[in-house]
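The values are calculated or read from the model by the stated rules, or taken from the named source; none is laboratory data. Bear in mind that the values here come from a model prediction, so they are computed numbers and not experimental data. Ideal geometry is used to build each Cβ from the backbone, glycine not excepted, and the neighbour counts take in all protein chains shown.
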Amino acid sequence: MNARMTWPLGLEMRLLLGIGALFGVASILIVPPASVYDAPSHYFRALQVSEGTLHPEKYSERAAGGMLPRGHVEFVNTLWGQYWAQHSFGSPREWDGLSKKFAADTDRARVEFTNTSVYSPANYVFQSVGIRLSMAFGNSPIRAHRTACLFNLGGYLLIVAAAIGRLPRYQKGFLLAATTPLNLWQAASVSADAINFAIPLLLFAWILHLRSETSAKPLRGVAVAMGIGMLLALLKPNAIVLLASLLFIPGRCFGRGPVKYWVLAPYFLCAVGLWLAWNHANLTIDIARWYQPELPDMSVQKQYFISHPLSFVPPFFRFIIHGLPDQLAPAYATVGAVIPESVYRGLAYLALVFAVGFVACPSWEGRADWMWSAGMLLQSLAILVAIALALWLALGHPADPMIPGFGGRYLPVPIFCASLAWAEASHRGLPRLRNGLFWMAIGANCAALTVMISSIASRVL
């Protein structure tokens, strides 16, 4: 196989860029600013990074943030208050009017965004560049927000395109996962969750390429995969468990004998050190009590878990059996209160159509890679446990029978890992039928995005 990356003008790449540009740009223009999950906090953290402040200020054991331009803070908070207190989403003309009103305020204000302050600047590279570029042309909060969204979308599509361009197989599965309404909607916002999904895709694509690589010692590819892994260590804290996928790079890629383990052992130590260097201060911030001050101190739950580690097992399995099935449809299209409840019910049916096509679309010749399949299944379980444990420690208490706060938006990476495992076991036979089901899944994605954007347009235009 040619070691150089091919940037094909093939079907998957054209569909990715076409769907991403069409629905992504429409979302940026029509969706009310800062209306997706945790959007104000994501915008404030991106704005802080754009000003060159990499570490947030810690105000207390449960609060962190920084000093930001007050006009931008008031613009976002005013809109957010209208969304949730008045259930009013305004119109583009009203958004522009608010932006002009607050643009004149050049003072600075202290603002808390504890839930996103734990994220490293790596989560906000694209958004912060967009904000910085916008600010070079004047102080306009709405322009800064939209430019941040546009750069976030472009960065997301670039990373997914790089992943698809490197893949030896399963390009259709990567495309389908990347264009689900939830993932594409978040990419067209200021949310860091788009990058939190795209970077694991890139890492998995690179490892799949190395597993299919025929050259004797593709050290450049190994170095790139390890670099992506280091970047992954700087994303959401629980994403570090995905570094275990580097163990599935074949030993021949490193050289003869045990060279692979001599290389990966110090690498993992460095990755954990990098993770700790960024997160050691953040792990002491009680984010849950920033949301709900009445909750008990997180240290109480942590101490209980250390003393009774098996206490986490019953609520986790109850969640798997009773809670997880309810979150599969929200993992496809839940994006916040801006979408009417009646529309969500229709999206649940499209989620089912998508799921059938997504599960059935893997199609290529050749034997199954059972080691990779087993590894991805373990990775799916590992990241699911990491997310659930973090939520249980932050929001729960010893008597909790379930995992509190677990929403469908936490599931794209675990689901995708499981899909990689399934694809290896089920990819042979019925190519025409599988191709038809792929188009059915793409149609479901486009239909869901159309319904979502149309429903919002009817409210704000």
> Restricting the search to region 356-368, which residues are of a type in the set (A, V, I, L, M, F, W, C) and either within 30 Å of Pro250 (Cβ to Cβ) or crowded, with 18+ Cβ neighbours inside 10 Å (or both)?
Replying inline: Phe358, Val359, Ala360, Cys361, Trp364, Ala368
> Of the conditions (1) surrounded by fewer than 21 Cβ atoms within 10 Å (Cβ to Cβ); (2) part of a strand (DSSP E or B); (3) aliphatic (A, V, I, L, M), Leu68 fails just one. Which one is it?
Replying inline: (1)
> When you go through Met298, Met376, Met371 one by one, which is the residue that is crowded, with 19+ Cβ neighbours inside 10 Å and closer than 30 Å to Gly251 by Cα?
Replying inline: Met376
> When only residues in region 85-103 that are closer than 15 Å to Ala34 by Cα, part of a loop (DSSP other than H, G, I, E, B) and of a type outside the set (Phe, Trp, Tyr) count, which is modelled with the highest pLDDT?
Replying inline: Ser91
> If you check Ala382, Ala388, Ala394, which single one turns out to be in contact (Cβ under 8 Å) with a residue 24 or more places away in the chain and crowded, with 22+ Cβ neighbours inside 10 Å?
Replying inline: Ala388
> Of the residues that make up region 249-264, is at least one under 27 Å from the mean Cα position of the chain (by Cα), part of a helix (DSSP H, G or I) and modelled with pLDDT of 90 or more?
Replying inline: yes
> If Glu61 passes every condition in (1) at pLDDT 85 or above; (2) more than 25 Å from the chain's Cα centre (by Cα) but one, which one does it miss?
Replying inline: (1)
> Of these, Pro340, Pro404, which one is surrounded by fewer than 21 Cβ atoms within 10 Å (Cβ to Cβ), of a type outside the set (Gly, Ala, Ser) and under 30 Å from Ser454 (Cα atoms)?
Replying inline: Pro340
> Has region 105-119 got any residue that is surrounded by fewer than 21 Cβ atoms within 10 Å (Cβ to Cβ), farther than 22 Å from Pro141 by Cα, of a type in the set (D, E, K, R) and over 25 Å from the mean Cα position of the chain (by Cα)?
Replying inline: no
> Is there any pair linking a residue in region 416-438 that is closer than 18 Å to Ser380 by Cα to one that is of a type in the set (Ser, Thr, Tyr) and assigned to a loop (DSSP other than H, G, I, E, B), with Cβ under 8 Å and at least six apart or on different chains, and which?
Replying inline: Leu420/Tyr170; Ala423/Tyr170
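Residues checked against (1) closer than 17 Å to Gly273 by Cβ; (2) within 18 Å of the chain's Cα centre (by Cα); (3) not β-branched (Val, Ile, Thr):
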position	(1), (2), (3)
Phe204	no, yes, yes
Ile207	no, no, no
Ser212	no, no, yes
Pro218	no, no, yes
Ala223	no, no, yes
Gly229	yes, yes, yes
Leu232	yes, yes, yes
Leu235	yes, yes, yes
Leu243	yes, yes, yes
>> Whether any residue in region 324-337 is surrounded by fewer than 16 Cβ atoms within 10 Å (Cβ to Cβ) and without any contact (Cβ under 8 Å) to a residue 60 or more places away in the chain is what I want to check.
In response: yes
>> Consider region 238-262. How many of its residues are in contact (Cβ under 8 Å) with a residue 12 or more places away in the chain and surrounded by fewer than 18 Cβ atoms within 10 Å (Cβ to Cβ)?
In response: 5
> Of the conditions (1) under 30 Å from Pro431 (Cα atoms); (2) out of contact with any Lys or Arg (no Cβ under 7 Å at 6 or more places or on another chain); (3) hydroxyl-bearing (Ser, Thr, Tyr), Ser363 fails just one. Which one is it?
Replying inline: (2)
> Can you name every residue in region 273-299 that is in contact with a strand residue (DSSP E or B) (Cβ under 8 Å, 6 or more places away or on another chain) and of a type in the set (Gly, Ala, Ser)?
Replying inline: Ala281
>> Condition first: modelled with pLDDT under 80 and among the basic types (Lys, Arg). Now tell me which residues in region 1-38 satisfy that.
In response: Arg4
>> What's the total number of residues in region 424-458 that are surrounded by fewer than 17 Cβ atoms within 10 Å (Cβ to Cβ) and among the charged types (D, E, K, R)?
In response: 2
>> So, in region 131-141, how many residues would count as being touching a residue at least 60 places away in the same chain (Cβ under 8 Å) and either surrounded by fewer than 23 Cβ atoms within 10 Å (Cβ to Cβ) or more than 14 Å from Phe102 (Cβ to Cβ) (or both)?
In response: 4
> Does Arg428 fit the bill of being of a type outside the set (Asp, Glu) and either touching a strand residue (DSSP E or B) at 6+ places or on another chain (Cβ under 6 Å) or outside any helix (DSSP H, G or I) (or both)?
Replying inline: yes
> Within region 210-237, which residues are in contact (Cβ under 8 Å) with a residue 60 or more places away in the chain and in a helix (DSSP H, G or I)?
Replying inline: Arg211, Ser212, Arg220, Gly221, Leu231, Pro237
>> Kindly evaluate Thr106 against the criterion of being closer than 25 Å to Ile456 by Cα and either part of a strand (DSSP E or B) or of a type in the set (Ser, Thr, Tyr) (or both).
In response: no
>> Name the residue that is modelled with the lowest pLDDT, counting only residues in region 431-458 that are among the polar types (S, T, N, Q) and touching a helix residue (DSSP H, G or I) at 6+ places or on another chain (Cβ under 7 Å).
In response: Ser455
